[in-house]
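Below is one structure, written out as structure tokens; comments come after it.
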Amino acid sequence: DHTPPAEDVWAAADGDGEEVSTSRYPLLYVPDSWDVRSMLELEAPAIDYRMQRNDGGGLTVRMAHPDGSWARAEAASRRASPTVHQGGPRRLWDMLEDIRDRLNMWGELPVYGATVTITPDGETTLSRGRWSATL
């Protein structure tokens, strides 16, 4: 079941946030990247995304989760390093960057070729090497 983030979480994503940083990667709208989105869904299911084109050609990408976590990344262009604001219990953009790090270092993500184990009670675990995710 997918419960969308509350409007107050989206409203918080327009604030300064608890943490502000500059991303080392160009701006990414996660729904446009199947492999990255798949990995992030395993880490934090139910993230919603919004993208906005700003005056002057800049872009803003927002991520929000029903648990109150949010991130907002703003860049002057798709290739510029965005300024990232984050708040809530988890750092969604940091999770995204960890996935992008893994993709850049290994050339693929562990969800490709993962082994699936299903217990008699229905718990499903995907694993590959030292990585695993239980659904």
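Table: residues versus (1) in contact (Cβ under 8 Å) with a residue 24 or more places away in the chain; (2) open to solvent by 50 Å² or more (accessible area, probe 1.4 Å).
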{"site": "W10", "(1), (2)": "yes, no"}
{"site": "S33", "(1), (2)": "no, no"}
{"site": "R53", "(1), (2)": "no, yes"}
{"site": "R62", "(1), (2)": "yes, no"}
{"site": "A75", "(1), (2)": "yes, no"}
{"site": "G88", "(1), (2)": "yes, no"}
{"site": "M105", "(1), (2)": "no, yes"}
{"site": "L109", "(1), (2)": "yes, no"}
Next on the checklist: Can you pull out every residue in the stretch 2-45 that is of a type in the set (D, E, K, R), in contact with a helix residue (DSSP H, G or I) (Cβ under 9 Å, 6 or more places away or on another chain) and assigned to a loop (DSSP other than H, G, I, E, B)?
Outcome noted: R24
Checklist entry - Would you say G113 is within 30 Å of R128 (Cα to Cα) and free of Cβ contacts under 8 Å to residues at least 12 places away in the same chain? => result no
Item to check | In the stretch 90-103, residue surrounded by the most Cβ atoms within 10 Å (Cβ to Cβ) [restricted to those that are closer than 22 Å to S132 by Cβ and out of contact with any Leu (no Cβ under 7 Å at 6 or more places or on another chain)] | outcome: L92
Next on the checklist: Testing T124 on (1) surrounded by fewer than 19 Cβ atoms within 10 Å (Cβ to Cβ); (2) over 13 Å from the mean Cα position of the chain (by Cα); (3) within 26 Å of S23 (Cα to Cα), one condition comes back false. Which one is that?
Outcome noted: (3)
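The values are calculated or read from the model by the stated rules, or taken from the named source; none is laboratory data. Bear in mind the structure is a predicted one, so any value in this text is a computation, not a measurement. Methodologically, a virtual Cβ is constructed for each residue, glycine included, from the backbone with ideal geometry; neighbour enumeration extends over all protein chains shown. These area figures cover heavy atoms from the full protein model, side chains too; ligands, DNA and RNA do not enter into them. Shrake-Rupley method; radii C 1.70, N 1.55, O 1.52, S 1.80 Å.
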